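Colleague: Quick one: the structure is below, questions incoming.
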Amino acid sequence: ALKLGLDLKGGMYVTMEVDVVKLIEESAQNESIDETFQQVLDKTKEDVKNSDNETIDVFLKNFNDIARPKGKTLISYFDVGNIRDASEDKIVEKLKKDAKDAIDQAAEVLRQRIDQYGVSEPNIQKVGNNRIILELPGVENNEQMRALISTTARLEFNLVRNNAEIVRAFGKIDKFLSKGKSASAVNTIDTAVVDTTHKEAEVVKKGDIADSSKATTAADTSKADSGKSNSNKADTNDPYKGLSEKQVQEKHLKDHPFTSLFTTYYIPPQENANWTPFFYTTDQIPEVGEFNFKIQKDSMDKFLEILNRPEIKSFIPLDLKVAIDAKPDKRIQKANNIEVFDFYCLKKDPELTGDVVVDASQSFDPTTNAPVVNMTMNDEGAEKWARITGANLKKRIAIVLDDRVYSAPVVQSKITGGRSQISGSSNTEEARLLEVILKAGALKAPVSIVEERVIGPSLGQDSIDIGLRASLIAMLFVIIYMFMYYNKAGLVADIAMIINTALILAILTSMKGTLTLPGIAGIALTMGMAVDANVLIFERIREELERGRSLRSAIDEGFGKAMSAIIDGNVTTAITAFILMTLASGPIQGFATTLLIGLITNLFTGVMVLRAIIELMSSNGKNEFSFGQPKLTSN
């Protein structure tokens with residue numbers, strides 16, 4: 001479906017500002033801040049309101065005007081202990097990098113919160129030096145949304161507990177939902193699910209994923225066969241015996257309404273061991289090793305809805321919680337074109353919070369050249385981190401922001417000194433995202449709402465009606481004019497124009513673009529430009545016919561000689577549209593996007609499609625075709 005912009009659907013428009021001046025203040029050493037430095041900060045706050053320059057540049061100018069005449073330097077206020085080859089240039093470089101990271105971090109936090117809130121197709125973009133614009137279509141509860149985007153982000157480090165305990169809990173949820181038993185009754189059951197036999201699972205290499213429906217069906221359809229090796233028990237306890245494959249699948253979904261939503265793998269404790277699909281049709285749950293859980297995006301809403309039910313929460317151990325990855329598995333998405341997320345069972349109480357992180361930076365492992373993230377903690381965090389990592393060797397610790405997991409690295413050794421290297425990122429983009437997230441607990445740049453507008457759905461509907469009405473009127477006038485002036489050729493041009501409009505909408509949809517009111521204006525303008533190319537071609541053909549050329553020769557000449565003018569006109573306009581789309585924002589960007597798409601499709605429909613239709617309509621052997629002049633017939 002085509003996404004509608006804020007002006008068409010209604011919702012909230014919010015401009016948020018990152019307080020970079022506060023970041024500068026927090027970056028300075030507390031004991032060194034004096035009246036002079038405070039004067040520089042106050043002057044910077046005033047100046048950035050009326051300046052388009054970067055906040056750091058404004059601060060440096062004011063520092064040179066106010067502090068330097070008093071003999072002060074940047075080294076007087078900022079700690080250079082962790083900066084190699086300490087100099088003022090290094091301090092400026094670090095301040096600019098921290099300011100950029102603060103804005104990136106704020107944008108990422110807002111994006112994750114809005115996604116969790118369920119806003120359909122939000123538009124989040126950084127504008128200028130320190131502002132973020134949020135366009136949130138369909139939002140009706142503006143008070144709740146304001147509270148959501150204004151609260152402080154919470155970064156946590158939680159131990160992963162994907163063990164037999166949580167598998168048993170998932171099995172109890174299945175039994176509760178399928179059998180309708182009371183929560184207290186189900187909680188007294190020690191086994192995961194009904195006692196059945198199950199086929200030895202197919203071995204899966206670490207990192208692979210199996211289709212959960214295939215996995216469960218493979219296990220369940222083997223019940224009758226497995227009875228040969230487990231004769232007495234299978235004959236009396238196998239609930240799938242004698243059922244067809246379809247009946248087995250239906251019964252499995254009925255018996256496992258919760259665990260059929262995701263795929264579970266068992267990972268033996270041996271290093272580099274293969275993953276084995278685990279089926280909830282057995283009561284034999286390994287007590288050693290751990291489990292891995294993967295869920296498709298389509299099943300996520302139902303999964304969370306079940307977990308959030310009050311009667312279901314009692315099955316999850318009190319000290320544990322479930323958290324889903326912030327991003328889908330890129331390898332699976334690339335290979336199978338589906339979005340699959342890992343989810344984890346975490347200890348509810350965090351081992352550490354983001355307050356102890358003082359720095360994070362992306363780099364590359366010199367041995368493998370793989371992207372890694374280097375993390376530095378303060379003294380308090382370093383001491384706790386050494387104790388935590390020492391007690392959890394070969395176990396995973398999840399990095400969690402606002403209850404979404406960004407990474408769950410395995411502790412390879414006890415980490416002392418507060419410096420850690422986090423590997424496992426599949427690419428530099430993923431490593432960069434993790435760097436930004438880790439800095440969520442280190443950067444002290446608050447974000448505030450500086451502008452907020454609420455657009456009602458009725459106004460959006462009015463905009464749709466007006467835009468569509470204007471576009472249809474414009475199309476109607478063009479169709480009538482072209483038909484009256486160019487007759488049959490004009491009718492062909494009208495068909496090509498309609499195809500062009502359909503292509504614009506199709507491409508905009510496939511690109512996951514958003515249609516806005518200015519975008520509709522861009523489509524309307526493209527209609528006129530589409531027939532403009534046809535006019536050049538038709539006039540050239542008419543000239544050639546008047547010179548006595550045959551119809552076939554006139555068509556060839558008309559298309560051939562008009563092509564250079566068509567390309568020149570479209571390319572020059574496309575360059576302007578591309579610049580507007582790249583550098584502009586908001587309404588102008590929406591206008592430029594549809595205009596640029598329309599210009600590209602116009603070269604296809606206005607030339608190739610137009611000629612193909614004319615060739616088909618004049619291929620009956622008759623040397624005639626009406627281009628608006630009296631019918632001409634060859635001698």
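The values are calculated or read from the model by the stated rules, or taken from the named source; none is laboratory data. All values reported here derive from a predicted model rather than from experimental measurement. Note: ideal-geometry Cβ built from the backbone for every residue, glycine included; neighbour counts use all protein chains shown. Note: areas computed on protein heavy atoms with side chains; ligands, DNA, RNA excluded. Shrake-Rupley method; radii C 1.70, N 1.55, O 1.52, S 1.80 Å.
Colleague: Residues of segment 351-372 being among the hydrophobic types (A, V, I, L, M, F, W, C) and free of Cβ contacts under 8 Å to residues at least 24 places away in the same chain, which ones?
Modeller: The one that is among the hydrophobic types (A, V, I, L, M, F, W, C) and free of Cβ contacts under 8 Å to residues at least 24 places away in the same chain: F364.
Colleague: Looking at this structure, is F604 under 19 Å from A524 (Cα atoms), modelled with pLDDT of 85 or more and surrounded by fewer than 18 Cβ atoms within 10 Å (Cβ to Cβ)?
Modeller: Yes; evaluated as a whole, the condition is true for this residue.
Colleague: Looking at segment 510-528, can you tell me whether even one residue there is closer than 26 Å to L580 by Cβ, of a type in the set (V, I, T), in contact with a strand residue (DSSP E or B) (Cβ under 9 Å, 6 or more places away or on another chain) and surrounded by fewer than 20 Cβ atoms within 10 Å (Cβ to Cβ)?
Modeller: Within segment 510-528, not a single residue is closer than 26 Å to L580 by Cβ, of a type in the set (V, I, T), in contact with a strand residue (DSSP E or B) (Cβ under 9 Å, 6 or more places away or on another chain) and surrounded by fewer than 20 Cβ atoms within 10 Å (Cβ to Cβ).
Listed here are the residues, each with its yes/no results for (1) within 21 Å of K94 (Cα to Cα); (2) over 28 Å from the mean Cα position of the chain (by Cα); (3) modelled with pLDDT of 85 or more.
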| site | (1), (2), (3) |
| --- | --- |
| I332 | no, no, no |
| I338 | no, no, yes |
| F341 | no, no, yes |
| C345 | no, no, yes |
| D349 | no, yes, yes |
| F364 | yes, no, yes |
| T367 | no, yes, no |
| A370 | no, no, yes |
| A386 | no, yes, yes |
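Colleague: Can you find a residue that is in a helix (DSSP H, G or I) and either at pLDDT below 85 or touching a Ser or Thr at 6+ places or on another chain (Cβ under 7 Å) (or both) anywhere in segment 116-134?
Modeller: yes
Colleague: Please work out which residue is most open to solvent (accessible area, probe 1.4 Å), limiting yourself to segment 412-457 and to residues that are among the basic types (K, R) and modelled with pLDDT under 85.
Modeller: Among residues in segment 412-457 that are among the basic types (K, R) and modelled with pLDDT under 85, the one most open to solvent (accessible area, probe 1.4 Å) is R453.
Colleague: Might you check whether a residue that is open to solvent by 20 Å² or more (accessible area, probe 1.4 Å) and in contact with a Ser or Thr (Cβ under 6 Å, 6 or more places away or on another chain) occurs anywhere in segment 323-342?
Modeller: yes
Colleague: Search segment 241-258 for residues being acidic (D, E) and farther than 13 Å from T281 by Cα, and hand back the single one that is most open to solvent (accessible area, probe 1.4 Å).
Modeller: E245
Colleague: Let me ask you something else. If you go through segment 370-414, how many residues are out of contact with any Leu (no Cβ under 6 Å at 6 or more places or on another chain), polar (S, T, N, Q) and assigned to a strand (DSSP E or B)?
Modeller: Of the residues in that region, 2 qualify.
Colleague: So, restricting to strands (runs of 3 or more DSSP E) that lie completely within segment 267-356, which ones have at least 2 residues that are among the aromatic types (F, W, Y) and within 30 Å of A382 (Cα to Cα)?
Modeller: The strands (runs of 3 or more DSSP E) meeting that bar are 340-347.
Colleague: Can you tell me which condition L476 does not meet? The list is (1) touching a helix residue (DSSP H, G or I) at 6+ places or on another chain (Cβ under 7 Å); (2) at pLDDT 85 or above, and all the others hold.
Modeller: Unmet condition: (1).
Colleague: All but one of (1) touching a Phe, Trp or Tyr at 6+ places or on another chain (Cβ under 9 Å); (2) open to solvent by 40 Å² or more (accessible area, probe 1.4 Å); (3) modelled with pLDDT of 90 or more hold for F63; state the number of the condition that does not hold.
Modeller: For F63, the exception is condition (2).
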